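Structure first, commentary second.
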Amino acid sequence: METGRDGERQPSLKRRHVAAVMLGNGLEFYDFLTYSFFAIQIGHAFFPARGAFDSLMLSLATFGVGFLARPFGGFVIGIFADRAGRRPAMLLSFLLIGVSTAAMALIPTYAEIGMAAPVLAILARIVQGFSLGGEIGSNTAFLLEAAPPATRGFSVAWQGASQCAALLAASLVGIALTRFLPPALLDAWGWRIAFLIGAVTVPFGLWLRSHLPETLHMAETQPAERAATGFELAARHWRIMLLGLVALGMATIANYINIYAVTYAQDILHLSLRTGFIAETVNNLIAIPSGLLGAWISDRHGRWPVNVWTNLGLLVAGWPLFAWMVSAHSDVSLIVSMTILGVAANFSFGSLLAALSESLPKSIRVTGLATVYSLAIGVLGGSTPFIVHGLIRLTGNAIAPAWYMTGATLIGQVALMLIPESAPARLRRNSPFASAAA
């Protein structure tokens, strides 16, 4: 425990607290990517249709339902977290994701229970999206509030690190299952093993989260705002929420273009599936230290310069790297280019989340951040692979993803430049970009 300025005892952030956050957040994204990996097999199990294409489309449509549920989950669980506390909200979201992950592993097939199978699968994806919408805001607020002011950005960056670790875990499980199971067994039941692996972590994760300290009523370094309802506070802070929505949305497009790399490698560059997986794996490996380093720098030198200059680097590098990939058509060009883009896309992730969280009053912090984040991911993240692939087909130009990413990054650059500085270390030095509200 630590003592605040007013003498109040405050919880300090410990490794087991970070582990509890990472495990829950990691399971969310593990479940998310596992579904995308096995969409074809899931389609065969729950959505039989006249042809393989129709079955896959139904499966992908069910996957998309989860995106639509995210903003609703962010708003509902966010209100719960801002009123009842971060810990109960984190327990609720983790329990829900555990239920949806286990359900995907255990729901009988259409051949066994008929229409109940697709209905249950759709419900499981709605629950998954709902819980993921509330997970990000509660986790980020807890990491920010439990950490000392001088290390807030670095603490929040573990949020992004857990996502990359989950993507790595899902990739490794997928590779192992496809390596050791014949296609017939993988299609029949092997894909369920991936979901069961995620579900077995739920009891341990719930135990870890049940021992988290509560941070809702901790003293803040910022002066408290005058009493107001949540809607009144949201109205006062509409500008930072709008800027956050734009900045997160544009950053999401860059991240999802990186996730699209496996499909891009095979379908457009005509490289092997193995090369695509290597590019994705290296990307996620480098993204973990990259995000932590960027957040560490933001704690010392400010959120504004890290966010703005990193995004500017992404803006400048995007088109040349895609042009190199298309002209070279080589494994090296794909792996190197996607790694550079991944570093640029993840370097400022923790810094941006910390900046938005610090700029919102505690009483609406989770609701505001979760809603903004979920809208950005739900609208722009889920649609990015579809839009990018459509642009390539429409224009016949393999560099089309660079156009989309460059346009998004340019819009994001404007939003990031307008988000005021919020890092405590920078504010103490009277930065010209300091937030008046802070």
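Points to keep in mind about this one:
- Annotation: extensible slack from TRP309 through VAL119 equals 63.7 nm (criterion: 0.36 nm per residue apart, minus Cα-Cα distance).
- Once the Cα atoms are used to define both axes, helix 152-180 deviates from the longest principal axis of the chain by about 10 degrees.
- Between ALA111 and ALA176, the modelled labels are 2.7 nm apart [label points 7 Å from Cα along Cα→Cβ].
- Principal-axis analysis of the Cα atoms of the chain puts helix 86-106 at an angle of about 0° to the longest axis.
- Estimated dipole of the range 109-209 in Debye, rounded to 20 [Cβ of Lys and Arg +1, of Asp and Glu -1, Cα centre]: 120 debye
- Percent carbon-and-sulfur accessible area, the chain, ignoring ligands, DNA and RNA, probe 1.4 Å: 72 percent
- Charge dipole (the chain, unit charges on Cβ, about Cα centre) - positive-most of THR409, ALA261, GLN159: GLN159
- The tail of the calculated P(r) for the chain, taken as Cα-Cα distances beyond 28 Å, holds 48 percent of the pairs.
- Based on the Kirkwood approach, the hydrodynamic radius assigned to the range 77-179 is 15.7 Å, with every pair of different Cα atoms included.
- Per-residue ellipticity at 222 nm computed for the chain from its helices equals -25500 deg cm²/dmol, with DSSP H segments shorter than 4 residues left out and the rest contributing -39,500 (n - 2.57).
- Loop exposure criterion: trypsin sites (Lys or Arg not before Pro), DSSP state outside H, G, I, E and B, at most 15 other Cβ atoms within 10 Å. Applied to the chain, the longest stretch between such sites is 227-428.
- Rg of the Cα atoms in the range 145-201, relative to 2.2 N^0.38 Å, amounts to 1.66.
- Nearest-20 debye value, the chain charge dipole, Cβ charges on Lys, Arg, Asp, Glu: 620 debye
The values are calculated or read from the model by the stated rules, or taken from the named source; none is laboratory data. Fair warning: this is a prediction, and the values are worked out from it, not measured in the lab. Note that each Cβ is placed from the backbone with ideal geometry, even for glycine, and that neighbours are counted across all protein chains shown. Quick note on the areas: whole protein, heavy atoms, side chains included, nothing else; ligands and nucleic acids left out. Shrake-Rupley method; radii C 1.70, N 1.55, O 1.52, S 1.80 Å.
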